Amino acid sequence: MRFIKAMEGDIPLIQDLAKRSWETAYAEILSPEQIGYMLENMYSHNEILAQMQNPDYHYYLIFDEISNSFDGFIGYEHGYQEYTTKLHRIYLVPESKGKGVGKAAVNFLKEKVAEGNDRRIVLNVNKSNTAKNFYESQGFTVYKEVVLDIGNGFVMDDYEMEFYFTNI
């Protein structure tokens with residue numbers, strides 16, 4: 001498994017991976033209308049490009065060398081808050097689940113964060129998403145519950161989770 005720094009030319013691939021992931025991950029949680037709205041707004045070419053142009057925001061594609069295909073991607077931002085990196089996105093295509101890809105992605109992120117000044121990772125996870133259990137198994141804990149208005153009559157009903165580095 002390799003983590004490949006994503007570039008502007010990879011935006012269509014990121015959009016495709018997000019769509020494939022969301023169609024299964026959120027099918028039982030969000031309405032098709034909200035999924036479409038969020039994908040259109042959060043994964044527009046201009047939105048992803050703006051994030052890529054931020055020197056603190058990083059996208060990495062997750063490449064499976066065995067199947068010679070992309071399993072997903074991760075997007076995170078150093079310095080989101082003081083000494084804090086925000087994991088904005090980690091999405092895996094359905095066929096990659098259960099292969100240790102998520103754990104490898106979180107470990108990759110922890111290594112990247114440990115290289116810099118941040119000492120904490122935060123993320124949001126939908127309250128109905130079973131990914132919460134995965135994050136807890138990786139050392140994250142819930143520190144807050146939030147309901148965020150994202151426009152068009154939609155909200156994100158999330159847990160905010162955090163991971164603290166204790167040995168840095």
| Within the set of pairs 6+ apart or on separate chains, which have a first residue in the range 27-43 that is under 15 Å from ILE14 (Cα atoms), a second that is among the charged types (D, E, K, R) and exposed (fewer than 15 other Cβ atoms within 10 Å of the Cβ), and C-beta atoms under 8 Å apart? | ASN41/GLU47
| Filtered residue count, the range 79-102, keeping only those that are within 19 Å of PHE140 (Cβ to Cβ), without any contact (Cβ under 8 Å) to a residue 60 or more places away in the chain, crowded, with 20+ Cβ neighbours inside 10 Å and in contact with a helix residue (DSSP H, G or I) (Cβ under 9 Å, 6 or more places away or on another chain) | 4
| said: For the range 126-141, check the following and say yes or no: at least one residue is crowded, with 16+ Cβ neighbours inside 10 Å, touching a residue at least 60 places away in the same chain (Cβ under 8 Å) and in a strand (DSSP E or B). | reply: yes
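Please work out which residue is surrounded by the most Cβ atoms within 10 Å (Cβ to Cβ), limiting yourself to the range 59-78 and to residues that are farther than 24 Å from ASN129 by Cα and either modelled with pLDDT of 95 or more or in contact with a strand residue (DSSP E or B) (Cβ under 7 Å, 6 or more places away or on another chain) (or both).
Going through the range 59-78, the residues farther than 24 Å from ASN129 by Cα turn out to be 63-69, 78.
If we keep only those that are either modelled with pLDDT of 95 or more or in contact with a strand residue (DSSP E or B) (Cβ under 7 Å, 6 or more places away or on another chain) (or both) as well, we get 63-65, 78.
Details: PHE63: 16, ASP64: 17, GLU65: 8, HIS78: 19.
Checking each candidate, the answer is HIS78.
The values are calculated or read from the model by the stated rules, or taken from the named source; none is laboratory data. Source: prediction; values computed, not measured. As a convention, Cβ positions derive from the backbone with ideal geometry for all residues, glycine included, and neighbour counts pool all protein chains shown.
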